[in-house]
Amino acid sequence: MKSPLLSLPGAVPAEGVDEGVAAHYGDLFREQRALADGTGFVDLSHRGVITVSGADRLGWLHLLLTQHVSELPPHQATEALVLSANGHIEHALYLVDDGETVWAHVEPGTQEALLAYLESMKFFYRVEVADRTADTAVVYLPAGSIAEVPEGAVVRETPYGRDLFLPRAGLESYAGQAGPPAGLLAYEALRVEQHRPRLGFETDHRTIPHELGWIGSAVHLQKGCYRGQETVARVQNLGKPPRRLVFLHLDGSEVHLPPPGTELRLADDGPDGRKVGFITTSVRHHELGPVALALVKRNVPVDAPLVAGDTAAAQEVVVEP
């Protein structure tokens, strides 16, 4: 779904899964600084939007999601996962209940599969599930923003900023009053700085929540049964995840960023050393320079210098080994 904001001056379209919105509007670092200062907005209208309404909505979702939502207060933001039977991450939901309806935004293109799963689990519960992507757009306002929120918008307030669920028809008019636009590259740079994982970027077909630090923020350890809970409990109580998320400072003298999927090796082992991990997201940050998130094997020493392809990389711990 192509955003009308791609017609704004300087807009350069994003590619891949983020196709449909702007990667930037001509000045990546200016856009990053604006967001860091609490000004501007980011068009996230390519993201999927799912709603769940009905009297049983919270109790029903509580049975399906990794998060404790049966008593979720109105207007309190949370995030949750849907796991496979083996505990692997299938969906990530960023949700809020407005008192009558649960609103959730999800990764672009994943809403249809999520909707199909939710529909298959309705049984006798008094719930209605809907794909609202066609008529609802998500807009991000950074932490500290004083931009006006349109009347009737559903707001998801987090420490990182506010997600607004707006009527898609009003997206252009809201953009005219919300301040300077910032693109996905600026948003992603701040996400990496904040060590926040993203489904499909930091995850693959075998990722479990412990590897990415999603225990606590998206997975509640003292709640009832849900699909994949046995794996979560077993790893939490008896073992360690096989991989861990790290934050990398990359050699700033390199012209090109190592792309996602670039293999990581111990610097001391040289270019023919064994693979110990891979880059998941790499960005250029307005203050930190080139940085990345990566998954490495749990037993990689936390102080070991790494190389991403030919690029030197120093790691910071995100998930403890």
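Once backbone amide H atoms are built at 1.01 Å from N, Thr110 has Gly48 as its partners under 5 Å, excluding neighbours fewer than 5 places away on the same chain. Amide H contacts of Leu264: Val276, Gly277, Phe278, Ile279, each under 5 Å away and 5 or more positions distant or on a separate chain (H built 1.01 Å from N in the peptide plane; Pro and chain starts excluded). Loop-located GluC sites (Glu not before Pro) in region 1-68 (DSSP state other than H, G, I, E, B) with a sparse environment of at most 10 neighbouring Cβ atoms within 10 Å: Glu15.
Here's how it looks for Thr133: its modeled amide H is under 5 Å from those of Val49, which are all 5 or more places away or on a different chain.
Projecting the Cα positions of Phe29, His75, Gly40 onto the charge dipole of region 15-77 (unit charges on Cβ atoms of Lys, Arg, Asp and Glu, taken about the Cα centre) puts His75 furthest along the positive direction.
Counting other Cβ atoms within 10 Å, keep those with at most 16, restrict to DSSP loop, and tell me which GluC sites (Glu not before Pro) in region 250-321 are left.
Working: sites: Glu254, Glu263, Glu287, Glu316; in loops: Glu254, Glu287.
Sites meeting the loop and neighbour criteria: Glu254, Glu287.
Run through the DSSP bridge list for the chain and note the antiparallel percent, rounded to the nearest 5. Please list the in-between numbers first.
Values: 65 of 68 bridges.
That works out to approximately 95 percent antiparallel.
A straight line joining the Cα centroids of region 157-213 and region 39-72 runs 15 Å. Each Lys and Arg adds +1 at its Cβ and each Asp and Glu adds -1 at its Cβ; summed about the Cα centre, the chain shows a dipole of about 780 debye.
For region 127-268, just say rounded, prolate or oblate: build the C-alpha gyration tensor, square-root its eigenvalues into a ≥ b ≥ c, call rounded for a/c under 1.5, and beyond that prolate if a/b exceeds b/c, oblate if not. It would help to have the intermediate numbers written out before the result.
On the way: a/c = 2.44, a/b = 1.29, b/c = 1.89.
Here region 127-268 falls in the oblate category.
Rounded if a/c is under 1.5, else prolate if a/b is larger than b/c, else oblate: which is the chain, with a ≥ b ≥ c the root eigenvalues of its Cα gyration tensor? It comes out oblate by the Cα gyration axes. Restricting attention to the chain, the count of lysine pairs at 8 or more positions apart or across chains with alpha carbons under 30 Å apart stands at 6.
Residue ranges 203-209, 78-84, 172-178 sort as 78-84, 203-209, 172-178 when ordered by packing (mean number of other C-beta atoms within 10 Å per residue, highest first).
Select from region 81-150 those trypsin sites (Lys or Arg not before Pro) which occupy a DSSP coil region and have at most 13 other Cβ atoms within 10 Å, ordered by residue number. Passing sites in region 81-150 are Arg126. With a Förster radius of 35 Å applied to the beta-carbon distance between Tyr125 and Glu19, the computed FRET efficiency rounds to 0.50.
Give me the 1.4 Å probe accessible area per residue for the chain, excluding ligands and nucleic acids, in Å². Display every interim value, and only then the final one.
On the way: 14250 Å² over 321 residues.
Spelled out: the 1.4 Å probe surface of the chain, per residue, equals 44 Å².
Quick one: pull the percent of accessible area on the chain belonging to carbon and sulfur, 1.4 Å probe, ligands and nucleic acids left out. It would help to have the intermediate numbers written out before the result.
Numbers: 7400 of 14250 Å².
The nonpolar share, carbon plus sulfur, comes to 52 percent.
Towards the positive end of the charge dipole of the chain, with charges on Cβ (+1 Lys, Arg; -1 Asp, Glu), say which of Ala169, Ala186, Val52 has the farthest Cα. Farthest towards the positive end: Val52.
The values are calculated or read from the model by the stated rules, or taken from the named source; none is laboratory data. Quick caveat: nothing in here was measured; it's all calculated off a predicted structure. Note that we place each Cβ from the backbone using ideal geometry, even for glycine, and neighbour counts take in every protein chain shown. Heads up: the accessible areas ignore ligands, DNA and RNA and are worked out on the full protein's heavy atoms, side chains in. Shrake-Rupley method; radii C 1.70, N 1.55, O 1.52, S 1.80 Å.
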